[in-house]
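Comments concern the structure below.
Just so it is clear, none of the values below were taken in a lab; they were calculated from the coordinates. Since we're looking at a predicted model, the values are computed, not measured. With ideal geometry, Cβ positions are generated from the backbone for all residues, glycine too; neighbour counts draw on all protein chains shown.
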Amino acid sequence: MKLLLIALLIIFTETQAHADWLSVCHNQPASVIQKKNNDRIAYYFSPDESVTLLQITKKPLEIQCKQIEVGISGGDILWAGFAPNVTPNMTNIALQGSTKDERFLVSEVILPDVANVATEENSIQKKTSGQVNHSKPLSRSAWFWSPDLWIDTPEKIFDVTSKFGINRIYISILTLHGEVSHATELHKFIQSAHFHGVQVWAVLGDPRAIMNEGVSAFLSATAAYTAFNNEAIPTGRLKGLQLDIEPYLIPGYLQNPEAWLSRYADVINNIHRTAPALQIDIVVPFWFDPDTPQVASMLGNVTDSINRITVMDYRTDPAQIMHFATPFLNWGMHNRKAIDIALETLPMVQEDRRHYRQADAGELLQLQVGGQSVLILLKDVYKHNESIMSYRYTYTRIIDGTDISFFKTKGAFKELMTPLEAELNLWPSFSGLAIHGLDQW
């Protein structure tokens with residue numbers, strides 16, 4: 001009996017020795033994420049640009065952090081992250097990502113969809129007449145991201161625009177010290193595009209534009225585009241500026257979407273004030289539903305600053321494309337804004353979608369630390385206690401991108417464009433299709 005008690009004591013002691021401390025540290029300076037820290041497993045920005053860290057350490061931290069002792073060690077963790085929308089009543093969770101260096105890099109946390117159910121009214125609300133407006137000219141647009149294309153090989157761009165009937169292009173234009181780089185080449189290219197019947201727009205894209213560090217760069221570039229246009233002849237001017245900012249990619253967006261969207265709107269309005277003569281187009285994903293209060297408020301704040309919206313309606317099923325386009329086309333109709341529907345043709349990175357179901361023990365843990373909901377994915381099954389919710393792995397689905405991009409069905413894509421345009425043209429707000437990836441064909 002004595003030997004048994006000693007053995008149990010040894011096991012208990014070893015278990016405690018491997019029980020690390022999980023901590024959440026708020027209000028850290030932004031510079032903290034630039035420092036090497038092997039204990040840091042996740043972080044996010046607050047709208048004031050302070051940082052919240054999630055760390056796992058061998059000993060409790062002496063600084064002011066909220067922390068709990070957990071029966072796992074840092075070496076047990078495949079991935080961890082903040083999950084503000086995860087609640088204990090959710091019985092299913094899926095993690096999508098890829099494995100690298102014995103870690104699972106999660107690109108998306110997928111929760112049960114209990115609210116986003118399209119109503120019949122929303123599904124059929126469209127157009128004012130039901131007749132296609134054949135007199136309305138439709139556009140086809142495309143992106144050409146590399147400046148080398150328009151600087152060195154503009155003929156390649158015009159080959160694509162001719163082949164696909166493209167009459168508006170978005171190009172990356174570098175600036176330096178408040179001036180457009182390669183201004184002579186740009187002026188010549190825009191004049192050539194005018195000859196080919198193609199509008200040229202500048203495109204700027206970076207989520208950091210809604211942070212102090214990034215917004216100044218965007219405003220400087222916008223001012224440079226305005227100065228360029230002021231120097232150019234009418235047929236050599238940029239037609240507009242597209243903002244592909246994607247604020248939801250900022251770590252911490254989901255913690256406070258309303259505040260981040262407010263900053264996003266401020267950036268758009270400031271850019272418009274900097275370049276009032278330039279048309280402004282904003283790019284949004286299809287799930288940025290304008291019928292939701294937060295997005296509706298943001299769009300209301302920028303309505304006077306924008307001319308059009310390009311919706312990344314990245315789906316290959318025509319029914320889904322139409323379904324996700326509907327709310328934006330309705331919004332555009334009511335607000336007199338042009339709506340472009342964008343489709344993807346680039347190859348997608350293959351990812352695994354791992355599904356987990358709530359159980360007494362599992363590899364995926366959901367717990368509260370300092371008022372924060374945290375998800376931790378472990379290498380092995382963990383027996384949960386009362387303060388930790390466990391989810392057990394059930395199966396994996398391979399996501400190869402074929403429902404998102406036409407990269408494997410380019411022939412079908414070409415055949416789809418014309419009938420899809422006809423269907424979308426039932427809305428007066430529909431302006432045309434935008435095709436992403438043609439610069440890689």
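For this structure, a couple of remarks:
- In segment 197-345, the ratio of gyration radius to Kirkwood radius, Rg to Rh, stands at 0.97 when only Cα atoms are counted.
- FRET efficiency for residue 37 and residue 296, using Cβ-Cβ distance with R0 set to 41 Å, rounded to 0.05: 0.55
- Of the residues 341, 398, the one with the fewest other Cβ atoms within 10 Å heads the list, and the complete ranking is 398, 341.
- Highest-first packing order for the peptide set 84-90, 372-378, 210-216, 428-434 is 428-434, 372-378, 210-216, 84-90, based on the mean count of other beta carbon atoms within 10 Å.
- Model label points for residue 409 and residue 360, set 7 angstrom from Cα along the Cα-to-Cβ axis, are 4.5 nm apart.
- Taking every Cα-Cα distance in the chain and sorting them into 10 Å bins from zero, the calculated P(r) comes out as 4, 18, 25, 24, 16, 8, 3, 1, 0, 0 percent.
- Pairs of alpha carbons in segment 386-425 whose separation is greater than 11 Å (percent): 76
- Distribution of pairwise C-alpha distances over segment 275-423, 10 Å bins, in %: 10, 26, 22, 24, 15, 4, 0
- Placing a label point 7 Å from the Cα of residue 152 along the Cα-to-Cβ direction, the residues of segment 178-192 with a backbone N closer than 19 Å are 181-190.
- Helix-derived mean residue ellipticity, 222 nm - over the chain, DSSP H n ≥ 4, -39500 (n - 2.57), to 500: -9500 deg cm²/dmol
- The dipole here belongs to segment 333-409: it is taken about the Cα centre, uses +1 on the Cβ of Lys and Arg and -1 on the Cβ of Asp and Glu, and is about 160 debye.
- Principal axis dimensions, largest first and in whole angstrom, of segment 302-355 by Cα: 42, 24, 23
- Spacing of the modelled spin labels on residue 185 and residue 402, each 7 Å from Cα toward Cβ, amounts to 4.0 nm.
- FRET efficiency for residue 105 and residue 164, using Cβ-Cβ distance with R0 set to 30 Å, rounded to 0.05: 0.30
- About the Cα centre, charge dipole magnitude for the chain (Lys/Arg +1, Asp/Glu -1 at Cβ), debye: 200
- Judged by the mean number of other Cβ atoms found within 10 Å, the most tightly packed of the peptides 37-45, 237-245 leads the ranking 237-245, 37-45.
- The chain: most fluctuating residue of 169, 282, 233 per GNM, C-alpha cutoff 10 Å: 233
- About its Cα centre, the dipole of segment 131-221 is roughly 480 debye, where the only charges are +1 on Lys and Arg Cβ and -1 on Asp and Glu Cβ.
- The mean of 1/r over all distinct Cα pairs in segment 358-431, once inverted, gives the Kirkwood hydrodynamic radius of 16.7 Å.
- Straightening the chain between residue 89 and residue 216 buys 41.4 nm, computed as 0.36 nm per residue apart minus the Cα-Cα spacing.
- Applying a threshold of 30 Å to the alpha-carbon distances of 379/408; 100/414; 188/410; 36/59; 36/383; 136/410 flags 379/408; 100/414; 188/410; 36/383 as lying beyond it.
- Length available on full extension from residue 174 to residue 317: 0.36 nm per residue minus the Cα-Cα distance, which gives 47.9 nm.
- Residue 277 sits among other residues whose Cβ lies under 14 Å from its own Cβ, and their net charge, with Lys and Arg +1 and Asp and Glu -1, is +2.
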